[in-house]
């Protein structure tokens, strides 16, 4: 399998779905023009706004986002990840769903976020994702995409749970997708180091699309969409403006890193018991 270019899209999504999807298409087109074959959109790419409005819009957004991903993948002949959008889950809740779509518009994989962001930050802002989002009940998938290798899915807060990425590595993932809307407060200290850790410990590429800037009210996201290689080297960083992080994914390099640092093969199962 030969090398290919991957693009992590960076957006400043707002409560306006029309503007958000137009901005997303602009970046997808730019990525395709640069030769990217795998393109990732961040979490909440179609809407970032008030929870009650998101719940009201969820039926429309779910259908619209799925159609958008199919249309964009076909139009620009890319494999496209929609990194997270609301899908009605009943009882006034939604799933936070990512979908991976092939270049002919076929659905390759789907994942409903299982780790929900319920955190009180020192800057005085509290987040309660579980108040409006139902966690998924299935582990994230790994899908074999011809020409691109085995791609594993995750969403944002998942990055703090290394066992999830070890599961993806055990399923053979060559590329770990981590679309996010990371807060500015936590992102400055944790975003890059967590992504590098996930790349290093699983000797896999990481493609991490991101939200950036002031999305609505006090919600400010960190930016710095990244592409990281299996050695932990940052290959591309989108900075803090909307745009792209584009870098090559080289399967041969991944194989060499795994041969030089065979930690996945050296794992020893350990059974912990206690009381």
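For the range 210-275 and the range 57-129, compute the distance between their C-alpha centroids and round to whole Å.
So the separation of the two Cα centres works out to 20 Å.
Quick one: of the DSSP bridges fully inside the range 4-266, what percent are antiparallel, nearest 5?
Rounded to the nearest five, the antiparallel share is 70 percent.
Once you keep just the Cα pairs under 8 angstrom separated by 6 or more residues, what percentage relative contact order results for the range 4-266? Don't jump to the answer; show the numbers that get you there.
Numbers: 658 pairs, mean separation 53.7, N = 263.
Worked out over the range 4-266, it gives 20 percent.
Considering all alpha-carbon pairs of the range 122-275, what whole percent are spaced by more than 29 angstrom?
It works out to 22 percent of all Cα pairs.
Any idea how far the Cα center of the range 152-207 sits from the one of the range 1-49, in Å?
Cα centres, the range 152-207 to the range 1-49: 19 Å.
Sort largest first and round to whole Å: the equivalent ellipsoid semi-axes of the range 83-144, each the square root of five times a Cα gyration tensor eigenvalue.
27, 13, 10
Grab the DSSP H runs of the chain that are 4 residues or longer, score each as -39,500 (n - 2.57), total them, divide by all residues and round the 222 nm result to the nearest 500 deg cm²/dmol. Each step should come with its number before you reach the end.
Numbers: 6 runs with 85 residues, N = 275.
When only DSSP H runs of four or more count, the value is -10000 deg cm²/dmol.
Which value in Å is the Kirkwood Rh of the range 44-191 over different Cα pairs?
Every distinct Cα pair counted, the radius reaches 16.0 Å.
Please list the three semi-axes, largest first and in whole Å, of the ellipsoid equivalent to the range 4-266, using sqrt of 5 times the eigenvalues of its alpha carbon gyration tensor.
For the range 4-266, the semi-axes come out at 26, 20, 18 Å.
Among 117, 185, which comes first, second and so on when ranked by fewest other beta-carbon atoms within 10 Å?
185, 117
Over the range 144-218, what is the percentage of antiparallel beta bridges among all DSSP beta bridges, to the nearest 5?
That works out to approximately 25 percent antiparallel.
How many percent of Cα pairs in the range 7-60 exceed 14 Å?
Result: 53 percent of Cα pairs exceed 14 Å.
Got a sec? How would 54, 268 order by Cβ neighbour count within 10 Å, fewest to most?
268, 54
Just want the ordering: 191, 231, from fewest to most Cβ atoms lying within 10 Å of their own Cβ.
Arranged by neighbour count, lowest to highest, 191, 231 become 231, 191.
No value in this document is a laboratory result; all are computed from the given coordinates. Keep in mind that this is a model prediction, so the values were computed, not measured. Cβ sites come from the backbone with ideal geometry, for glycine too, and all protein chains shown count toward neighbours.
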